[in-house]
Amino acid sequence: MYWWDKLFLLLTGLVALYMIFRLSKAGEKLNKGAVAFYMLAFIVLLVAGVLLILLGYGILGSPLVVVVTTLIPLGLATGLVYDVKPEWSTGYLWFAIIGFVLIALGKLVPGLEGLGRVVLPIVHGIFGLTIVVMPFMAVSKGMAPGDFVWVAIGGILISLGGMALAFLKAGKQLLFFSEAVVLAILAPLLFVMALAYAWGLMKRLVAG
């Protein structure tokens, strides 16, 4: 890992820290469930950034890291459902919990690796789709300002990065995303993703 990778990861952590602070002051502007899950996503993003700075990209192969970082899309997707479609929140929360438990079992319990290989892309795919669709839904219904779609853009960016990493772990390559390319763009991509999430959510927060 180069010094500029660490710089981008540090900036990502600062964005996450800022959003944790702002969300903690949200008060009645947002659904409390939405605030809680948004904060969860940024807390895990902050911790993940610090661990990457300290331990390097080698930890990305750790099953425990895969499980813990699942909380980032889980938190953001579930927060969006609470925010935009609160009537769906109970069912979606159960899906998120069950999906997370199955991923944890598949990654951490010997002999259940096949479960992890099947469940992980399905659950992450649904989280990703939720992160992309919900902001557009909110904007189209007049629930949030147009800049809220930046959350969806951040979701698209990190989904591409996640897919590229998944292909590499499977011993394949997605388009031109070789291992060198993925590792070169990962830290800047995380920073841009964090900025997109932060910009969209701040506009939502200010609009109330």
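For the reader, a short list of remarks on this structure follows.
- Potential lengthening of the chain between ILE156 and LEU93 amounts to 20.5 nm, from the contour at 0.36 nm per residue minus the alpha-carbon distance.
- Cleavage-rule hits, chymotrypsin sites (Phe, Trp or Tyr not before Pro), region 1-36, DSSP coil, Cβ neighbours within 10 Å at most 16: TYR2
- Residue-span extension gain [LYS32 to LEU7] - 0.36 nm each, minus C-alpha spacing: 5.7 nm
- Aspartates and glutamates whose Cα lies under 18 Å from that of LYS203, excluding same-chain neighbours fewer than 8 positions away: GLU28, ASP83, ASP147
- Per-pair calculated FRET efficiency, R0 = 22 Å: VAL101 and LEU195 via Cβ, rounded to 0.05: 0.10
- Helices of the chain meeting both criteria, an alpha-carbon length of 24 angstrom or more along the long axis and an average Kyte-Doolittle score not below -0.5, with helices taken as full DSSP H segments, are 3-24, 32-55, 89-108, 113-140, 150-169, 179-207.
- Listed residue (ALA16, GLY155, PRO110) projecting farthest to the positive dipole end of the chain, Cβ model: ALA16
- Here r is the Cβ-Cβ distance between PHE21 and ILE59 and R0 is 30 Å; the resulting FRET efficiency, rounded to 0.05, is 0.70.
- Option label - Cα extents along the principal axes in Å computed here, alternatives [x] 69, 33, 29; [y] 49, 38, 36; [z] 45, 38, 29: [z]
- The chain: calculated mean residue ellipticity at 222 nm from DSSP helix runs of at least 4, using -39500 (n - 2.57): -27000 deg cm²/dmol
Laboratory data are not the source of any read-out in this text; all were calculated from the coordinates shown. Owing to the predicted nature of the structure, the values given are computational and were not obtained by experimental measurement. Cβ atoms come from the backbone with ideal geometry, glycine included; neighbour counts cover every protein chain shown.
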